[in-house]
1. Being out of contact with any strand residue (DSSP E or B) (no Cβ under 8 Å at 6 or more places or on another chain), of a type in the set (Gly, Ala, Ser) and farther than 17 Å from Asn69 by Cα: is that true of Gly124 here?
2. Check whether at least one residue in the stretch 237-245 is assigned to a helix (DSSP H, G or I) and under 19 Å from Thr28 (Cα atoms), and report yes or no.
3. Please go through the stretch 121-168 and pick out each residue that is of a type in the set (S, T, N, Q), surrounded by 13 or more Cβ atoms within 10 Å (Cβ to Cβ), without any contact (Cβ under 8 Å) to a residue 60 or more places away in the chain and within 26 Å of His72 (Cβ to Cβ).
4. For the subset of the stretch 23-77 comprising residues that are of a type in the set (Phe, Trp, Tyr) and at pLDDT 95 or above, which member is nearest to Leu167 (Cα to Cα)?
5. Please verify whether the stretch 61-69 includes one or more residues that are surrounded by fewer than 14 Cβ atoms within 10 Å (Cβ to Cβ) and outside any helix (DSSP H, G or I).
6. For the stretch 171-207, which positions are within 21 Å of Asp233 (Cα to Cα), in contact with a His (Cβ under 9 Å, 6 or more places away or on another chain) and not hydrophobic (A, V, I, L, M, F, W, C)?
7. Scan Asn230, Asn223, Asn169 and give me the residue that is within 27 Å of Gly124 (Cα to Cα) and polar (S, T, N, Q).
8. Any residue at all in the stretch 175-185 that is under 26 Å from Ile16 (Cα atoms), crowded, with 17+ Cβ neighbours inside 10 Å and at pLDDT 95 or above?
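The values are calculated or read from the model by the stated rules, or taken from the named source; none is laboratory data. Note that this is a predicted model, so its numbers are computed, not measured. Glycine also receives a Cβ, built like all others from the backbone with ideal geometry; neighbour counts cover every protein chain displayed.
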Amino acid sequence: MSIQNLYLISYLWLSIALVVHVTMFFITAPFGRHTTEKWGITINNKLAWVLMEAPSLFIMLYFLVLGSNSFHSYVWILFAFWIIHYINRTFIYPLRIKSTPKKMPLAIAMSGAFFNIVNAGLNGYFLSELASPLDYSSTWLSSAHFIVGASIFVIGMMINWKADTILINLRKPGETGYKIPQGFLFDYISSPNLFGEIIEWSGFALMAYNLPALTFMVWTFANLVPRAKNHHDWYMKQFPEYPAKRKIVFPFLF
């Protein structure tokens, strides 16, 4: 594939992200606390997470190992950041969460897998086949956009992991139902786990400094901001005592 064709696909994918972003404010994705069986066949929530996230992990591993230019520069560092995130999301996170009677619609798991196939495909192919080794040379490692981007990525990942841990440990053994999360960034926003992911992929886009990475950042924002609003509205509806000062996903802003 030529770089012109990849860019064309990326711009098309960006335009779809904008449509999805608006649509998701009106249609709540039916998984987690929003689960419903109206979307057809449902499957175990742990299995669903693996099916959704595995394509992104294995596609990037494929391009890292078999790509033409993956080790001709320091571009492998970008692969490493991506793979670390998706090892957690594909295997560690599903093992940590509790199996619940609430299952995930297979349609949602498959749509999530498709999303990951496209994003990993665009990023992996660009980095391994089309990017110039000069773009990711030793000069890149000392550039401001790499240093700042890598720092932002790590900070976002730590926020995401910390928030996930708080949510996973909300229920004591034998307990059911939902509680209001407290502490850490939960004192300021309803979804610090989603905030952390948005920060992560913003850092990745700054590090990588290319169109496919920007595309993934926009898609992350398009998916997670409406999702965070759905969470916030659900909390406000379920808990009359829910802290009114909490924002949705960006501290002090929204």
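1. no
2. Scanning the stretch 237-245 turns up at least one residue that is assigned to a helix (DSSP H, G or I) and under 19 Å from Thr28 (Cα atoms).
3. Across the stretch 121-168, the qualifying residues are Ser143, Ser151.
4. The residue in question is Phe58.
5. Within the stretch 61-69, one or more residues are surrounded by fewer than 14 Cβ atoms within 10 Å (Cβ to Cβ) and outside any helix (DSSP H, G or I).
6. Hits for the stretch 171-207 are Ser190, Ser191, Glu197.
7. Only one candidate passes the filter, namely Asn223.
8. no
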